[in-house]
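Everything below concerns the one structure shown next.
The values are calculated or read from the model by the stated rules, or taken from the named source; none is laboratory data. Computed from a predicted structure; not experimentally measured. Cβ sites come from the backbone with ideal geometry, for glycine too, and all protein chains shown count toward neighbours. Keep in mind that these areas ignore ligands, DNA and RNA; they rest on the heavy atoms of the full protein, side chains included. Shrake-Rupley method; radii C 1.70, N 1.55, O 1.52, S 1.80 Å.
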Amino acid sequence: MKRSLFLILLVILVGLSYIPLFKDINFGLDLKGGFEILYEVSSLDDQELTSDMMKATYKTISRRVDSLGVLEPEIEIEGSNRIRIKLAGVTNKEDAGKILSKAATLSFRDTKDNLLMSASVLKAGGARNETDNQGKPAVGLSVADIDKFYEVTKAVKDYPDNRIVIWLDFEEEIDSFATTYNCGDLENSNCLSAATVSQAFSSDVQITGSFSKEEVSTLVELINSGSLPTKLNELSSRIVTASFGENSLQKTLLAGIIGITIIMGVLIFIYRFSGLIASIGLLLYGVLVFFIFWMIGGVLTLPGIASLLLGIGMAVDANVLSFERIKEELKAKHSLKEAFRIGYKNSLSSIIDSNITTLIVAIVLFVLGESAVKGFATMLMISIFSTIMIMVFVVRNLIRWFLKSNYFEKKQCFFIGFKNKKTNKKPLFERFNYLKKYKFFVIGTSFILLVGLILTLTMGLNLSVDFKGGTDFTITANKISEKEIKASYQELGFKDIELSRIDEKSNYVKIGKILKDSKIVEISDHFKEKYNATVESGSVSTVVKQELIKNAILSTLLAFIGIIIYVSFRFTFNFAVAGILALIHDAFFVVAMFSIFKIEVDTIFIAAILTIVGYSINDTVVVFDRIREENLNNNKLDEVINKSLGVTMKRSLLTSVTTLIPVVALLLFGSAQIFNFNIAMFIGLIAGCYSSIFIASPIWYILTTKRKIKSFVKKEVIEEIKIKGINS
C-alpha cells in the first residue's frame, strides 16, 4: 500500500514539475518568432583580425542589442571571424540590421558636448589594461596622432571644466553630458568616462580612477570597439513571424504528447507493471532533460524538440534491452529476483556501448554544427546522459524496491508480461536461419548503394537555400494558390522562382540570389497587404553555403572515424568495418530516397543523417554485443549469429517501432518546418533496423571466416577415377 501511494505521489510530483520548467525555458526563433543574422567580421585596413578585435566587436554589438530592448538575446562568436545574433521578438530586419552593423563611433568631447577628437587619434585597438603608480587598475591609451592629442589636451587643461568626455555612439539629439547622470555606467550609458586633464600630453596616456579590474577590462573593450577598424558583412539572415513560431510550437508539442502517450501505452501493454515503472521513468527523464537544459541556459528550438523525442526512443531502448534479458532468465527457470539481477547485469554493457556510439555523433555535431544543428546536438547529449541516469539507475532501483515486497514472485506475467508456456517450439524469431541467404542481402545492399550513388550523381539533390545560397520565403495564408503566388512574384519582377507546397496554408519560395533588405520588405508587404499572409524570409550567402558543405562532409567522416575507433576498441576491427558498411548503406538509402522524390535537403538534414548513423550503430552494437557474448560459449559462428539475431530481433523491432512512434506523430501533427527532417528519420530508422540484422552481422561473418561470395561462373569439376581394390 505504501509503495503504491508513493508511486501515485511520484507521478503527480513529476507531472507538476513540467509546468515551472517549461515556463522558464527559452524558446528559439522558430518557436517564438524573431530575427537572426550571421555577420563576417573583417578589418578595414591591412591589419590581421585578432581575438581581441573580435571581443571588442562582440561588446559593441551587445550594446547595440541592448538599445533594441531585446530580452535574452543570443550573441555567439563562431570560429575566428563570425558573429551570429538571434533576437527573439524582433521582426523588423531593416531597422535592426542598420543598428547592429553600423560602425562603433568613439569620440572625445568637452563637457558642453563639442567634438574635440575622433577615434582616429588613437591606434586601432590601442586601449589596454594597466596599473597606475599606486598599483591600482587603469586604462592605457596608445596615441596615434600625437600632435592632435597634444593640441587638444593643452587647450582642455585651461578650461573651467577641464574634463574630456569619452563617448561611444554619441547621438546629437539624445545624448548630452549635462543631462547624463550615469557617465561611467558601462552597462547603461554611451558615456564611458569623464577624465580630468591637468596637463598637455604628447605620448601615450592613462585614465586613472577608482576602477575595479572588471571595470577596466570592460572600458578597454568598449574603447577598442569604437577605435577598431572593422566592418560587418552580412552572410545570412532569417525572419520568423511570431504567429508562425507559436503555431510551430503548438503543433510540435501536440505531436510530442501524442507520441509519448502511445509509447507509454505500448510499454504498459507489453511489460505490464515494469512497463508502468518505465513510463514513469520516461516522465522523470523529461524533467531531468528540461532541468539540465534550463541550468545551462539552453534555447529550445524545433530541432531540439525533435532531438528530445528521439532521445525518448533511445531511453525506451534501454528498458526494452533490460526487460527482454529478464524474460530470458525467467525462461531459464531463474527466480524473479535472480532474473532481475542477471538481466540488468547482462544488458548494461549493451546500453552503455550503444549510447556512447550515439554520443560520438552528438559531439561531432556540436563541434562542427551551427545554430539549429548545435542546439540539436546539445539536446541529444543531454538526452543520452539522462537516459543512463534515469533508465539504468532510477528505473532499476524502483523495480528492485517493489520486488522486495515479494508480491510479484508468483505473478511474473503481471510483473513483466512473461508467460511460461510449456512448448518445445522455439520462439518465432529464433526459428529463422538468418545467414542462409546472406549473399543475397549483401549483393542487394551493394546494389542499393550503387543505385543511390548513381541517382545522386545524375538527378542531383533538391538543395535548399542553405546549400545553394540565395533568399527564401515561407508564405502562410488562409486562401492563396500557387498560381497567385507566381503571378505576384512576376509582378514584383521575378520570372524564375522555385515554388513548393508545404501544407494547405503554407508555400515555400526559393530565389537563387541574395535580395536587398528593401526588396525583402517589399515582397513581405505585398503578400501581407494583398493576402493577409505572414511571411518568413531568410538569406544565405555563397560563403556560408561553402562552409556548410565542407562541414557536412567533415562531420560525417569524423563521426565514422570515431565510431570505427570505439567499436574496434570495444569489439574488434571486423565488427567496426561491418558496422560502418551498414551505416553507409543507411545514409545512402536516405539520400537516394530524397533524390528520387525530390525532397528538399537543408541544414538540419545533416543532423538527421548523423542521428540515423548514431541510432543505427546503437542498434548494431546491441546485436554485436550479443554475438560477442554467445561466441564465448559456441565456436560455430553461423550458430552464434543465428541465435544472437533470433534473440535480439524482437528487441530491435520493438525499439525501432517505439522510436518511430514520435517521428510518425511529428510527421502527422508536427510543424512543417521539420517535416523533411522527420521524413529522413522515418526512412533512416527503417533502413537502420534492416541493416543491423541483415547487413552488419553477415558482413562480420564474411570478414571473420574470410569466406568469399562464390562466383556465378560454373567451375570445372574433376571427377575422381575409381580403381578396384583401392578406392571402390
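Miscellaneous remarks
- Efficiency of FRET between Ile553 and Glu430 - r from beta-carbon atoms, R0 51 angstrom, step 0.05: 0.75
- Neighbourhood net charge (11 Å Cβ-Cβ; Lys/Arg +1, Asp/Glu -1) for Ser691: -2
- Glu324 accessible area, assembled protein chains, probe 1.4 Å, Å²: 20
- Within the accessible area of the chain (1.4 Å probe), percent carbon and sulfur: 59
- Rule-of-thumb Rg ratio for the range 122-195 [Cα; 2.2 N^0.38 Å; N residues]: 1.24
- Flagged links, alpha-carbon separation over 28 Å, of Lys23/Lys598; Lys23/Lys468; Lys425/Lys636: Lys23/Lys598; Lys23/Lys468
- Non-local lysine pairs in the range 254-382, meaning eight or more places apart or on different chains, with alpha-carbon distances under 23 Å, amount to 5.
- Total formal charge among the other residues, if their Cβ is under 13 angstrom from that of Phe201, Lys/Arg +1 and Asp/Glu -1: -1
- Placed amide H near Thr230: partners under 5 Å, 5+ positions off or other chain: Leu44
- Separation of the range 407-486 from the range 330-403 is 22 Å, based on Cα centroids.
- Pairwise label distance in nanometres, Leu9 with Met389, each label 7 Å out on the Cα-Cβ vector: 2.3
- Computed from label points 7 Å out along Cα-Cβ, the spacing between Ile75 and Asp496 is 4.0 nm.
- When cysteine pairs in the chain are screened for C-beta atoms closer than 4.7 angstrom, the residues that find no partner are Cys413, Cys689.
- By a 1.4 Å probe calculation restricted to protein chains, Leu365 has an accessible surface near 0 Å², given to the nearest 10.
- Environment charge of Ile497, counting only residues whose C-beta is closer than 14 Å and scoring Lys/Arg +1, Asp/Glu -1: +2
- Relative contact order %, the chain, counting alpha carbon pairs below 8 Å whose residues are six or more apart: 15
- For Rg and Dmax of the Cα atoms in Å, calculated from these coordinates, the label among [x] 32.4, 134; [y] 29.3, 97; [z] 26.9, 84: [x]
- Fully extending the segment from Val367 to Glu629, taken as 0.36 nm per residue of separation minus the present Cα-Cα distance, adds 90.9 nm.
- Using θ = phi - 60° and Karplus 6.51 cos²θ - 1.76 cosθ + 1.60, couplings along the range 189-194 (whole Hz; Gly, Pro as x): 9, 7, 7, 7, 6, 10
- Extension gain (nm, one decimal) between Glu246 and Asn133, 0.36 nm per residue minus Cα-Cα: 34.9 nm
- Binned Cα-Cα distance frequencies in the range 451-591 - 5 Å width, integer %: 2, 8, 14, 15, 13, 11, 10, 9, 7, 5, 3, 3, 1
- Estimated FRET transfer efficiency when R0 is 25 angstrom, pair Cys413-Leu276 (beta carbons, to 0.05): 0.95
- Nearest-10 value in Å² for the accessible area of Tyr566, using the 1.4 Å probe: 40
- Heavy-atom SASA rank of Leu554, Leu31 (probe 1.4 Å, accessible area, largest first): Leu554, Leu31
- Separation of the alpha carbons by more than 20 angstrom is noted, of Lys486/Lys519; Lys486/Lys510; Lys251/Lys519, for Lys251/Lys519.
- Shape category assigned to the range 1-62 from the gyration tensor of Cα positions, a/c cut at 1.5: prolate
- Average accessible surface for the range 631-708: 39 Å² per residue, computed with a 1.4 Å probe over protein heavy atoms with every protein chain in place.
- Residue-normalised accessible area of the range 134-226, given per residue in Å² at a 1.4 Å probe: 53
- Spatial separation of Cα centroids for the range 150-218 and the range 245-274, in angstrom: 60
- Accessible area, probe 1.4 Å, largest first, for residues Phe22, Phe293: Phe22, Phe293
- Spatially proximal aspartates and glutamates relative to Lys530 (Cα-Cα < 13 Å; intrachain offsets below 8 disregarded): Glu484, Glu491, Glu522
- In the range 558-699, the convex hull through the Cα atoms has an average projected area of 8.6 nm², a quarter of its surface area.
- Cα-based shape type of the range 508-570, given that a ≥ b ≥ c are square roots of the gyration tensor eigenvalues and the cut on a/c is 1.5: prolate
- Whole-Å distance, taken between Cα centres, linking the range 498-574 and the range 646-690: 22
- The label-point distance for Thr261 and Ile296, in a model that sets each label 7 Å from Cα toward Cβ, rounds to 3.1 nm.
- Restricting the range 444-503 to trypsin sites (Lys or Arg not before Pro) in coil, as DSSP defines it, with at most 15 other Cβ within 10 Å: Lys479, Lys495
- Shown are Leu283, Leu122, whose ranking by accessible area with a 1.4 Å probe and every protein chain present, most to least, is Leu283, Leu122.
- Checking the Cα-Cα distances for Lys59/Lys516; Lys55/Lys136; Lys59/Lys148; Lys86/Lys136 against a 30 Å cut-off, the pairs over it are Lys86/Lys136.
- FRET efficiency, Phe675 to Lys483 (Cβ-Cβ, R0 35 Å, nearest 0.05): 0.90
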